[in-house]
């Protein structure tokens, strides 16, 4: 593909990625106003859960559909679905003919799930299209750039959401997707031309259904487990045990189906490649340790360090700048040298160091000291995030490029979901333990009422000794999470050590990472 054309296409891909990342980040800041207008406080968490569920379930399916039917048309379809879901979400509660049958909050939850299905194809499609357009040897710098865009979106999300919610209607956090999505759509329609193969296809609908049910059960477990009713259930409750049984049975049947159908939705043979299996394991560990522990940092910043909701997002900016800078530098270095094996090893070591430093957080840690820790964590992430995806793509045949990209993203998401759930239970346990030791069992019992929803104004209303006890307990609980995260982070450089340095394919290569012949691409979308 001519380079000038790639430079035109790249902004369209970035816009699509920003849509997927930004939308999930902006909603949190608008939730109080959404609940104030639509009601349904008991269903509050489902506004986020429905989006995550739709994204997670659809991610591997989008990857396979792109491999089967051509990535351009599938990617454009995902953009359209996302935009329709955005318009419907913004209009939730305004369908007067529907309000009598379905409450406005239930409408929003359903529309968010639909939007999440479209979002599942945006991230996977963007990375897979880069894989189609750019040989692995040159892919690093582009994926590094896109990794930086992801980091910016993660930081900008809460800031943009707060700005829109404070000055306009909350509905505009969804409506703002329309001009961005339309721009991305027309750029890609006009300038994106992808090679594809002419073959007959059969969709593995049974496999897709089993995978969807199994993943849904897993996501619901990570969402509900370890929480008090009505927001969730105990780990050993019939509901959680039933979901676990459903997940085990459906995923076991799914594996059997994938071994027998001619065109599986998730080709299991890709896991026979050592590098692909290793980076999948690394992705799970990174998601579990990183997203599981970092999810609780805003609470620490807003309560213990006294930052506002907006400023807590700004305090994480150095971490994302570390991700962006390292991703771009490493991507450029991989393009020049073709070498990549040492980067995930270094990234794992740096990430482990950062997790150890974050165990030092307490109620006296300054913002400057914690910022240094965040920068180190961001540097480690920059070594890992895009490098592991590059290795995954280089480990499979071109016909499996989409499903390899989606699987890498999916495994990391599942790791993060499990991390947030398990660390949430650990956080609450440590919080109650420390409060009980310093303030007594009656104070510890109040944790179930406030828990992770403790607000700065609630703290300010407490007597000074009680407030100090709560602040110490929050810091104690937060630092303890990083001891758990450290145990998983240590596994990252260990797994990375066994990665085999396989030459990155160039445009002239016709072999995959194991030496298998790559099928020629003979048509153009």
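Among 346, 265, a tally of other beta-carbon atoms within 10 Å of each Cβ gives an order, fewest to most, of 346, 265.
After finding the eigenvalues of the alpha carbon gyration tensor for the stretch 204-264, what semi-axes result from the square roots of 5 times each, listed largest first in whole Å?
Details: eigenvalues 160, 19, 7 Å².
Over the Cα atoms of the stretch 204-264, the semi-axes work out to 28, 10, 6 Å.
Applying 0.36 nm per residue to the separation of residue 163 and residue 178 and subtracting their alpha-carbon distance, the gain on full extension is 3.6 nm.
For the peptides 322-328, 300-306, the ranking by packing is 322-328, 300-306, with the highest mean count of neighbouring Cβ atoms within 10 Å listed first.
Measuring nothing but how far apart in sequence close Cα pairs (under 8 Å, 6+ apart) lie, relative to its length, the stretch 204-264 scores a relative contact order of 42 percent.
Tell me, 243, 163 in order of fewest to most beta-carbon neighbours within 10 Å?
Values: 243 22, 163 15.
Final ranking by Cβ density, sparse to dense: 163, 243.
Reported to the nearest whole Å, the Cα centre-to-centre distance from the stretch 237-299 to the stretch 390-425 is 8.
Computed log10 I(q)/I(0) for the stretch 272-502 at 0.09, 0.14 Å⁻¹: -0.41, -0.86, from the Debye equation with unit scatterers placed on every C-alpha and solvent omitted.
As a proxy for reagent exposure, 284, 75 were ordered by neighbouring Cβ count within 10 angstrom, fewest first; the result is 284, 75.
Rounded to the nearest 0.05, the FRET efficiency derived from the C-beta distance between residue 425 and residue 497 at R0 = 30 Å is 0.45. Stokes-Einstein diffusion of the stretch 375-430 at 10 °C, 1.306 mPa s viscosity, Kirkwood radius from Cα pairs, rounded to a whole number: 120 µm²/s.
Extending 7 Å from the Cα toward the beta-carbon at both residue 259 and residue 100 defines two label points whose distance is 5.5 nm. Applying 1/(1 + (r/R0)^6) with r as the Cβ-Cβ distance of residue 7 and residue 336 and R0 = 22 angstrom yields a FRET efficiency of 0.70. For the stretch 272-502, averaging the sequence separation of C-alpha pairs within contact (under 8 Å, six or more residues apart) and dividing by the residue count gives a relative contact order of 42 percent.
Which FRET efficiency value, to the nearest 0.05, is calculated for residue 366 and residue 433 with the Förster distance at 45 angstrom and r the Cβ-Cβ distance?
Details: r = 26 Å, r/R0 = 0.57.
After rounding, the FRET efficiency stands at 0.95.
Since every read-out is calculated from the coordinates, none of them should be taken as a lab result. Computed from a predicted model, the values in this text were never measured in an experiment. Ideal geometry is used to build each Cβ from the backbone, glycine not excepted, and the neighbour counts take in all protein chains shown.
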